[in-house]
Amino acid sequence: MSLLSIEKYRLPVMDAIETSSEVSQRDISERTEISLGVVNAVLKDLIHRGWIRAHQVPRKRYAYYLTPQGIAEKAQIAIGVFENSIHAYTQARGLADTHAQNFLREGNTEVALVGNGPKLELAYLACLQVGLKVAGIFDDKTQGKITLGFEVKAQSSISEGLACWKT
């Protein structure tokens, strides 16, 4: 396994160790939903870097501990993940704002939002940002639930001629 592919698994493995030091590789694998082989490779990498230490405990098991350097590195990794997430959100929000402005340029004053999840939420925020009225939220999977203050309706109930934003 390459070093770059191991990198994305370091934080969840370190989180699992920080939560409970006396965990087996299998426990870490189950908690993180990372394959046992990958967990083994990540642990070897972390030990080699000096970020964790392993001490043998009874029954051929190991207890893993974050070292002071490991705690510092984990914090840096977490900050990097957070910064990447903020960057991705900012880009997605910009795209959503542009899409909402395009609806207005096309002469639409009202739009039906179709879908669910984070993309729908970004579309909703973009509509608020540019003054585009949201006629409702439509999604066959979540029909009947309340989302963003709207009762979600079936897609088949979208009024004819109403602009649709599929998220």
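The share of alpha-carbon pairs in region 3-66 lying farther apart than 18 Å comes to 24%.
Computed from Cα positions, the angle between helix 3-19 and the longest principal axis of the chain comes to roughly 80 degrees. Dividing the mean sequence gap of close Cα pairs (under 8 Å, 6+ apart) by how many residues the chain holds gives a relative contact order of 15 percent. Take the chain and mark each of the trypsin sites (Lys or Arg not before Pro) that is in a DSSP loop with at most 12 other Cβ atoms within 10 Å; the longest unmarked stretch, sites excluded, is 61-140.
Report the gain in length on full extension from Tyr65 to Asp140: 0.36 nm times residue separation, minus Cα-Cα distance, nm rounded to one decimal. The partial results should precede the final answer.
Numbers: separation 75, 0.36 × 75 = 27.00 nm, distance 4.75 nm.
The span from Tyr65 to Asp140 would gain 22.3 nm if fully extended.
Here Lys8 is the anchor, and the aspartates and glutamates within straight C-alpha reach of less than 16 Å, apart from those fewer than 8 places off in the same chain, are Glu33, Asp45, Glu73, Glu83.
Evaluate E = 1/(1 + (r/R0)^6) for Asp15 and Thr98, where r is the Cβ-Cβ distance and R0 equals 41 Å; express this FRET efficiency to the nearest 0.05. Intermediate results must be reported in sequence, preceding the final value.
Details: r = 36 Å, r/R0 = 0.88.
That pair, Asp15 with Thr98, gives E of 0.70.
Over the chain, dividing the summed -39,500 (n - 2.57) contributions of all DSSP H runs of at least 4 residues by the number of residues returns a 222 nm mean residue ellipticity of -18000 deg cm²/dmol. Angle of helix 36-49 to the longest C-alpha principal axis of the chain, folded into 0 to 90 degrees and rounded to 10: 70°. Could you work out how far the C-alpha centroid of region 53-95 sits from that of region 141-167, in angstrom? Using only Cα atoms, the two centres lie 39 Å from each other. In plain terms, the bigger the Kirkwood radius, the slower the diffusion; for region 55-167, with that radius from Cα pairs, at 37 °C and 0.692 mPa s, Stokes-Einstein puts D at 193 µm²/s.
Which lysines have a Cα lying under 19 Å from the Cα of Lys166, excluding residues fewer than 8 positions away in the same chain? Cross-link targets: Lys119, Lys133, Lys141, Lys145, Lys153.
Taken together, the values in this text are just the output of simple stated rules run on the coordinates, not laboratory data. Everything numeric here is computed off the predicted structure, so don't read it as measured data. All Cβ positions, glycine included, derive from the backbone under ideal geometry; neighbour counts span all protein chains shown.
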